[in-house]
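One structure below.
The values are calculated or read from the model by the stated rules, or taken from the named source; none is laboratory data. Because the structure is a prediction, the values reported are computed rather than measured. Cβ placement follows ideal geometry from the backbone for every residue including glycine, while neighbour counts extend to all protein chains displayed. Ligands, DNA and RNA are stripped out before the accessible areas are found, and what is left, the full protein with its side chains, is counted by its heavy atoms. Shrake-Rupley method; radii C 1.70, N 1.55, O 1.52, S 1.80 Å.
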Amino acid sequence: HTPQLVSVLEEKAICQVSCGTFHTLALTTDGMIYAWGSGKDGKLGLGDVAYCPFFERDAAGQPFVSKPQLLSAIANVPIVQLSAGSAHSAVVSEAGAVYTFGCGKCGKLGHGGTSAEWLPKRVEGTRGADATQVSCGRDHTAAVTSRGELLTWGHGERGRLGNGNSSGVEAKPRAIHGMRGGALQVQCGRFHTLIMAGEQQMSEHEFDTLERMLEDRLGMREAEGKAAMERYRTTTGKKRRRRRHVNR
């Protein structure tokens, strides 16, 4: 009934945690994921309970993990953000790829079907989109890209996908339009979705491209190029580029 230290993670530098209905995910600063709680339908991403040695069984025979375990299946993929839903989970890699795992009911994993995934599987419908954030609801999922695009998939009941329909299933990511400004952040509830939208800032890739253009294509000397970019940073605030300005 009072906060207790999770001893297994005591020596880990944790930068984010997310709680689902019966499971928890934690992300370390070096991109590793630890998962614990209910393992039903694979939402921990640790693999099939029949073969994974970490699983125990509760009184009803349901699989669970009582202590955080490293999600080794994508340990070589640096993760920057995660979300635990009711019965599924999703993560975003440093490269902008989205991986989902767990219950596939209503197409909420985004793989085109309804099968459960016991290990993290890349969502092909987001390939090349350069995702920056993902959020899991009960039966739907949403992601935001670096270009301010919003992608949703899963059950559309009560309009939660934002595609103009109040029912139906989208088993693959679909772009949503009609917002004032680009999507900056998204959060999925049980039956609704909230998007924060506003002015889009220059991405890291776009900034680097501009920098190379100034230094290479325009033939600027190195010192002049650095001075020009420093003036650019001063006037636009490179340190604030990741902050999104909401339209008033």
Keeping all protein chains in position, work out how much accessible area residue 58 exposes to a 1.4 Å probe, and write it in Å² to the nearest 10. 70
Give the calculated FRET efficiency between residue 67 and residue 167 to the nearest 0.05, with a Förster radius of 25 Å applied to their Cβ-Cβ distance. 0.05
Between the modelled labels at residue 130 and residue 11 (7 Å from Cα along Cα→Cβ) the distance in nm is 3.8
Please work out the Kirkwood hydrodynamic radius for region 70-109, using every pair of different C-alpha atoms, and report it in angstroms with one decimal place. 10.7
Under the Karplus curve 6.51 cos²θ - 1.76 cosθ + 1.60, θ = phi - 60°, whole-Hz ³J(HN,Hα) for region 67-82, x wherever Gly or Pro sits: 10, x, 10, 5, 7, 6, 4, 10, 5, 8, 10, x, 9, 10, 7, 8
Please turn the phi angles of region 34-43 into ³J(HN,Hα) values with the Karplus equation 6.51 cos²θ - 1.76 cosθ + 1.60 (θ = phi - 60°), one per residue in order, whole Hz, x for glycine and proline. 10, 10, 7, x, 5, x, 4, 6, x, 5
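For region 1-120, what is the charge dipole size about the Cα centre, in debye to the nearest 20, if Lys and Arg each add +1 at the Cβ and Asp and Glu each add -1 at the Cβ? Don't skip to the end; give the middle numbers.
Details: 7 positive and 9 negative charges, 61 e Å.
So the magnitude is around 300 debye.
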Placing one identical point scatterer on every Cα of region 46-91 and ignoring solvent, what is log10 I(q)/I(0) from the Debye formula at q = 0.13, 0.21, 0.22, 0.23 Å⁻¹? -0.37, -0.91, -0.98, -1.04
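What does the charge count around residue 156 come to, taking other residues whose C-beta lies under 12 Å from its C-beta (Lys +1, Arg +1, Asp -1, Glu -1)? Present the calculation step by step, with values, prior to reporting the outcome.
Working: positive: 108, 158, 160, 174; negative: 139, 157, 170.
Net local charge, residue 156 excluded: +1.
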Compute the semi-axes of the equivalent ellipsoid of region 28-144, taking the square root of 5 times each eigenvalue of the Cα gyration tensor, and list them largest first in whole Å. 23, 16, 11
